[in-house]
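Participant: The following block contains the structure, expressed as structure tokens.
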Amino acid sequence: MARTLPNVIVTGTPGVGKTSHCELLAERTGLKHISINDVVKTRECHEGWDDEYQSWVVDEDKLLDAIEDEVKQGGCILDWHACDLFPKSWIDLVVVLRTDTATLYDRLSARNYNETKLQENIDSEIMEVLLQEARESYDEEIVVELQSTSAEELDTNIDRIEAWLTQWKENNGSSTEAA
Ligand code: ADP
């Protein structure tokens, strides 16, 4: 069944601004913000807590099962620091948020990340890990890299994604009419 609303992934290193973008985008567009962190916790899609990495060990199959019905209906914004597990057929746009290392350092320090976790995330941002993951997992024309260092950039990014959504709806509507 064709989706009447698209699904969007908003991804990037922790601290780049995924939640801020998803919340604003959901408010402005009516799309549904699905925080994968919350799903992992509340629906117990994990195999326990990893003390070293200070995060849940995610059970990806269980996670996909938990969100499949909802996502297949369309109109979801998936908010997570990984993207390669979501089937290509589910996804219409992948937004990879980026920021500079000094900004990321400040944002993650404010969260009291320990030095190891902090450095790991800074390295991940420098090495463009999420951008590579997105480019390897999805068609290049649906992967968009956006800067998220300032409030102005946040606003501009939301405007851009909203404009993309309007266009997607128009394209989808016209393709339905033509069929
Ligand atoms: P993530 O969900 O990727 O971990 P958050 O959305 O929680 O990131 O943002 C981390 C912190 O950075 C928050 O304090 C948020 O207000 C701030 N922040 C995120 N994006 C921006 C931005 N574009 N401009 C200014 N501050 C931002």
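Participant: State whether the residues of region 100-108 include one that is away from the ligand (no atom under 16 Å from the Cβ) and aromatic (Phe, Trp, Tyr). Talk me through it step by step, then tell me what you get.
Facilitator: Residues of region 100-108 that are away from the ligand (no atom under 16 Å from the Cβ), as a first pass: none.
No: region 100-108 contains no residue that is away from the ligand (no atom under 16 Å from the Cβ) and aromatic (Phe, Trp, Tyr).
Participant: Quick check on region 78-88. Is at least one of its residues over 17 Å from Ser20 (Cα atoms), surrounded by 18 or more Cβ atoms within 10 Å (Cβ to Cβ) and either touching a Phe, Trp or Tyr at 6+ places or on another chain (Cβ under 9 Å) or not polar (S, T, N, Q) (or both)? Let's see the steps before the verdict.
Facilitator: Taking region 78-88 first, the residues over 17 Å from Ser20 (Cα atoms) are 83-88.
From what is left, the residues that are surrounded by 18 or more Cβ atoms within 10 Å (Cβ to Cβ) are 83, 86.
Next cut, either touching a Phe, Trp or Tyr at 6+ places or on another chain (Cβ under 9 Å) or not polar (S, T, N, Q) (or both) only: 83, 86.
Among the residues of region 78-88, at least one is over 17 Å from Ser20 (Cα atoms), surrounded by 18 or more Cβ atoms within 10 Å (Cβ to Cβ) and either touching a Phe, Trp or Tyr at 6+ places or on another chain (Cβ under 9 Å) or not polar (S, T, N, Q) (or both), which makes the answer yes.
Participant: Which ones in region 1-53 are of a type in the set (Lys, Arg), out of contact with any strand residue (DSSP E or B) (no Cβ under 9 Å at 6 or more places or on another chain) and assigned to a helix (DSSP H, G or I)?
Facilitator: Initial filter on region 1-53 (of a type in the set (Lys, Arg)): 3, 18, 28, 32, 41, 43.
Restricting the remaining residues to those that are out of contact with any strand residue (DSSP E or B) (no Cβ under 9 Å at 6 or more places or on another chain) gives 3, 28, 43.
Matches in region 1-53: Arg28 only.
Participant: Kindly indicate whether Asn112 is in a helix (DSSP H, G or I) and open to solvent by 20 Å² or more (accessible area, probe 1.4 Å). Give the derivation first.
Facilitator: On the way: in a helix (DSSP H, G or I): no; open to solvent by 20 Å² or more (accessible area, probe 1.4 Å): yes.
Criteria not met by Asn112.
Listed here are the residues, each with its yes/no results for (1) at pLDDT 95 or above; (2) aliphatic (A, V, I, L, M); (3) under 15 Å from the mean Cα position of the chain (by Cα).
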position: Lys88; (1), (2), (3): yes, no, yes
position: Asp100; (1), (2), (3): yes, no, no
position: Ile126; (1), (2), (3): yes, yes, no
position: Val129; (1), (2), (3): yes, yes, yes
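Participant: So the check is Cβ under 7 Å with 6+ separation or different chains; which pairs have a first residue in region 55-82 that's assigned to a strand (DSSP E or B) and a second one that's surrounded by fewer than 16 Cβ atoms within 10 Å (Cβ to Cβ) and among the small types (Gly, Ala, Ser)?
Facilitator: Pairs found: Val57/Gly48.
Participant: Looking only at region 26-38, which residues are open to solvent by less than 20 Å² (accessible area, probe 1.4 Å) and farther than 15 Å from Gly74 by Cα?
Facilitator: First pass over region 26-38, keeping only residues open to solvent by less than 20 Å² (accessible area, probe 1.4 Å): 31, 34, 36.
Matches in region 26-38: Ile36 only.
Participant: Another question, if that's okay. Could you check region 118-145 and list, in sequence order, the residues that are open to solvent by 80 Å² or more (accessible area, probe 1.4 Å), within 14 Å of Leu85 (Cα to Cα) and in contact (Cβ under 8 Å) with a residue 12 or more places away in the chain?
Facilitator: Glu136
The values are calculated or read from the model by the stated rules, or taken from the named source; none is laboratory data. Since we're looking at a predicted model, the values are computed, not measured. Reconstructed Cβ throughout: ideal geometry from the backbone, glycine too, with neighbour counts over all protein chains shown. Protein only, heavy atoms only, side chains kept; ligands, DNA and RNA dropped before computing areas. Shrake-Rupley method; radii C 1.70, N 1.55, O 1.52, S 1.80 Å.
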